[in-house]
Structure formats: C-alpha cells, structure tokens
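Right, one structure below, let's go through it.
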C-alpha cells in the first residue's frame, strides 16, 4: 500500500491535505480515485489508513479511517557528518533515515571543502526514505554548523562515537599516491603502511555502554570530511569525556561508506535491531 508523510493532525474522520506534489503523485502516477486507500503518518499520531475523499483540480483530500499503528520512535541516535560533496551528503541522509537515525547534523570542519547544500532537498530525501522503510517519524536535518561550536554546546548525557580514521595512532607516515581522488581519512588516495594504522577488532566501549539514568541510550556518531580531521580536532575529540573513539577497519572509507558502516556497527552493538 502507498505510504506518505503528511503534516496535518491525524484522528478519526480528520481531513488530510497532502502537498501538491504528493497529490499529483497519487492521481497522475498511481492513478488513485475516490475511495482508494493508502497509509499516512505525521511523526506524532502513529500510522493511519486513509481513503481518497475528493480529487480536486489542485489537490486531493484524504480522510482518516483507522489507526493502524500507535506512535513509536526509534533509537535516540544522531549522525553528525562533515559536509562533503552534495551527492554524497544526499546518500548519507537517505541511509541515515533508513538505518534509524533520529537527527542528521551537518558539521563544518577545518578541512571541509564541499558544495552548497539545499536543506529542502535533504528534508525531502529523509521523508521519502522514512516512507519506504516503515518508520513512523522523519529524521531532522540541521543546517551546517562549525564542529567546535557543536562540541561547545554538547548535550549532557549524550555519548559520542568518534570514527577515528587513524585508529588512535599517530599520523599516517607512509602514503603512496596513486590517484588524486579524495578519500575519507586521507588528503589524497594512497596505499597505507598498515604498520602505521593499527585497527581494533571490535567496537570497544559500545557493546557494554554505561547506563546513567537520564542519558541512557543517547548517542551520536561523528564522521569526518574528505581529508580527515585536523590534528587539533582529533586531539580535542579524543580528550572529551563522552567520546568513544573507534576504527572502521584497515581501509580508508569515503564519507558515505563510513556513515553506513558506522551506523550498522552501532545498531548491531547497542541499537534497536533486536526489537
């Protein structure tokens, strides 16, 4: 059944007005007519079965018939990602929504060098991913802010999974250039001296996180920019009391791949996949 995210309140008999684009999709693409049914959600009132009440020249009116699922929420997980190329940010937002992130925060780091982003398009991507995955809310996508400012205003009780491309080791000392394409964690592509980049075999500190009452279960994952974090940023991140630094393996990953890998590992360790 078709599933849409809507803004209006949902209650028995409530009239719901989709956006003009959604109305066109329902009538011109899916060919729905009066009496046809679909599912909608708004992030507050659960999921509802609605019917097409009227098909107008400039839109569609839906009528709420029955609540199919009460409102629930996923894990309190924020994904913080340094701004990279537009297409990769769009992929990251889509996959963050699919993997259960509550919020996507865009960060500006010392080595950020990326395209201008359209927040309205990122919001639309998050909504579409939520519609397709069956979740009952849509992740918020924040305007870009400087990483230092984000850390200065850090929420009490929220833990940070810092994806450290150096594995906590000193700076990489051997890098054989072979390509100008930027990779997450290195200024240029290269073949790593694996002796200079030790990795951990598991997510130490994530599988048995401390439980502190109010802050229980609140996490954020931080992914760096193309070129990696600066030494100053890495030093500050590792010094923070709420940080757990992890490695994502022996290979340097692009930002979008790193985000997907990190969220998958977090979900497997402390997320809601066991529901």
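The values are calculated or read from the model by the stated rules, or taken from the named source; none is laboratory data. Just so we're clear, the structure is a prediction, and the values are computed from it rather than from any experiment. Counting neighbours? That spans all protein chains shown, and the Cβs are built from the backbone with ideal geometry, glycine included.
Look at the range 80-110 and say how many of its residues are crowded, with 16+ Cβ neighbours inside 10 Å and over 23 Å from residue 272 (Cα atoms). The number of residues fulfilling the criteria is 12. Only strands (runs of 3 or more DSSP E) whose full extent lies in the range 50-139 are considered here, and the ones with at least 2 residues that are modelled with pLDDT of 95 or more and farther than 27 Å from residue 160 by Cα are 59-69. The residue of the range 261-272 that is nearest to residue 162 (Cα to Cα), among those that are buried (at least 20 other Cβ atoms within 10 Å of the Cβ) and at pLDDT 90 or above, is 262. When the residues of the range 111-126 are narrowed to those that are touching a helix residue (DSSP H, G or I) at 6+ places or on another chain (Cβ under 8 Å) and within 21 Å of residue 18 (Cβ to Cβ), which ends up surrounded by the most Cβ atoms within 10 Å (Cβ to Cβ)? My answer is 126. The number of residues in the range 1-49 being part of a strand (DSSP E or B) and in contact with a helix residue (DSSP H, G or I) (Cβ under 7 Å, 6 or more places away or on another chain) comes to 3. Of all residues in the range 244-253, exactly one satisfies the criterion of being surrounded by fewer than 18 Cβ atoms within 10 Å (Cβ to Cβ) and closer than 22 Å to residue 89 by Cβ, namely 251.
Picking from residues in the range 228-241 that are surrounded by 18 or more Cβ atoms within 10 Å (Cβ to Cβ) and in contact with a strand residue (DSSP E or B) (Cβ under 7 Å, 6 or more places away or on another chain), the one that is modelled with the lowest pLDDT is 228.
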